[in-house]
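The values are calculated or read from the model by the stated rules, or taken from the named source; none is laboratory data. Since the model is a prediction, treat every value here as computed from it, not as a measurement. Note that each Cβ is placed from the backbone with ideal geometry, even for glycine, and that neighbours are counted across all protein chains shown.
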Amino acid sequence: MLQGNKSTGELRFELLIVGTVLVVAAILYVILPEDLRSLMLFLPGLILLGAAIYQDMQPDWRAGWLTYALAVLMVATGLAGIVNALLGNAVRLNWVVVAVVELGAILIAKALYDPSPRT
């Protein structure tokens, strides 16, 4: 993200996504109660993950592995935190399990919908 020899459209898209992720995280930090602060990672992580998948689906655009890694970590830790906060000691969800399932879903989506998986 934001590196290499990219078109103006792709660079603008990446700047828009990074800005959106930061603004959403800041707004959630202000409005959420303490026990639901994991949403501050989950929702921006979903935005970043969706943008990375969309970027990879475009013919001449590429999202980097660092973008995927950051998005997967944000969504996994955020979702695990939300589940653990809401269910307490009844169910303890490990973020690694969420990350593995999420990575599998990403690989399936890329296998089914990526127009050029070998480039």
Would a scan of region 44-61 turn up a residue that is without any contact (Cβ under 8 Å) to a residue 60 or more places away in the chain, farther than 22 Å from SER7 by Cα and in contact with a Leu (Cβ under 9 Å, 6 or more places away or on another chain)? yes
Please name all residue pairs, on different chains or six or more residues apart, with Cβ atoms under 7 Å, provided the first residue is in region 83-101 and is among the small types (Gly, Ala, Ser) and the second residue is at pLDDT 85 or above and surrounded by 12 or more Cβ atoms within 10 Å (Cβ to Cβ). ALA85/SER38; ALA99/VAL72; ALA99/LEU73; ALA99/ALA76
Of (1) closer than 22 Å to LEU11 by Cα; (2) modelled with pLDDT of 85 or more, PRO117 satisfies all except one. Which? (2)
Selection from region 20-43 of residues in contact (Cβ under 8 Å) with a residue 24 or more places away in the chain and of a type in the set (A, V, I, L, M) yields VAL21, LEU36, LEU39, MET40, LEU41, LEU43
Of the numbered conditions (1) exposed (fewer than 15 other Cβ atoms within 10 Å of the Cβ); (2) at pLDDT 90 or above, PRO59 satisfies every one except a single condition; which is it? (2)
Do we have ASP35 as assigned to a helix (DSSP H, G or I) and modelled with pLDDT under 90 here? yes
Looking for something within 28 Å of ARG12 (Cα to Cα) and surrounded by 12 or more Cβ atoms within 10 Å (Cβ to Cβ) - is there at least one such residue anywhere in region 78-98? yes
Filter region 62-71 down to the residues that are touching a residue at least 60 places away in the same chain (Cβ under 8 Å) and buried (at least 19 other Cβ atoms within 10 Å of the Cβ), then identify the one that is farthest from TRP95 (Cα to Cα). ALA63
If we keep only residues of region 1-25 that are in a helix (DSSP H, G or I) and more than 16 Å from the chain's Cα centre (by Cα), then the residue surrounded by the most Cβ atoms within 10 Å (Cβ to Cβ) is GLU10
